1. Per residue, how many Å² of accessible area does the range 12-79 show with a 1.4 Å probe?
2. Apply the Karplus parameterisation 6.51 cos²θ - 1.76 cosθ + 1.60, with θ equal to phi minus 60°, to every residue of the range 56-72 and state each ³J(HN,Hα) to the nearest whole Hz, in sequence, with x for glycine and proline.
3. For R32 paired with A133, estimate the spin-label separation in nm (one decimal), with each label point 7 Å from Cα along the Cα-to-Cβ line.
4. Can you compute the modelled spin-label distance between L72 and N8, with each label point 7 Å from Cα toward Cβ, in nm?
5. Can you give the local net charge around F62? Use residues other than it whose beta-carbon is closer than 10 angstrom to its beta-carbon, Lys and Arg +1, Asp and Glu -1.
6. Counting only other residues whose beta carbon sits under 13 Å from that of D12, what net charge do I get with K and R as +1, D and E as -1?
Amino acid sequence: MYDSTLLNWSEDYRLGHARIDAQHQQLFKLLREMEQSIEQCRGNETARKGLLALVDYSRYHFDAEEGHMRRLGYPGLAAHQQEHKGIINEIEHLLDEGKPVLTVELVYFVRRWLADHIINSDMKIRDYQKTLANDDN
């Protein structure tokens, strides 16, 4: 059974960079819209468009986030880029399997990725930013 508890933005996800934080909030919004497509049974084509919008925006966001990491001199950039690539590849793989677009498996993957990636990977960027700020003092 599908758990319809929507994943919402939380201050716990705040990186401390206005542009990246706004993009993270947009990713949550796109995910909510995709989940609402399931709940409201809007049809597979609507769901597919929502998922493709999420993938496209994720690519845009990843590019911006990686640029931010480069400017910081973030030492974990290469590993973080690999995570981003893996996320996109996994979603594309699930889309290409010919399954209905909005399977529970796909929604859980995207939901888990968004929260886990921000908390476990992006927060390392926040911590690194803080060390740079402390070094300046």
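The values are calculated or read from the model by the stated rules, or taken from the named source; none is laboratory data. As the structure is a computational prediction, the values presented were derived from the model and not from experiment. Reconstructed Cβ throughout: ideal geometry from the backbone, glycine too, with neighbour counts over all protein chains shown. To get the accessible areas, we keep the full protein, side chains included, count just its heavy atoms, and leave off ligands, DNA and RNA. Shrake-Rupley method; radii C 1.70, N 1.55, O 1.52, S 1.80 Å.
1. With the other protein chains kept in place, the range 12-79 gives 50 Å² per residue.
2. 4, 5, 4, 4, 4, 4, 4, 4, 5, 5, 5, x, 4, 5, 4, 4, 6
3. 2.6 nm
4. 2.7 nm
5. -2
6. -2
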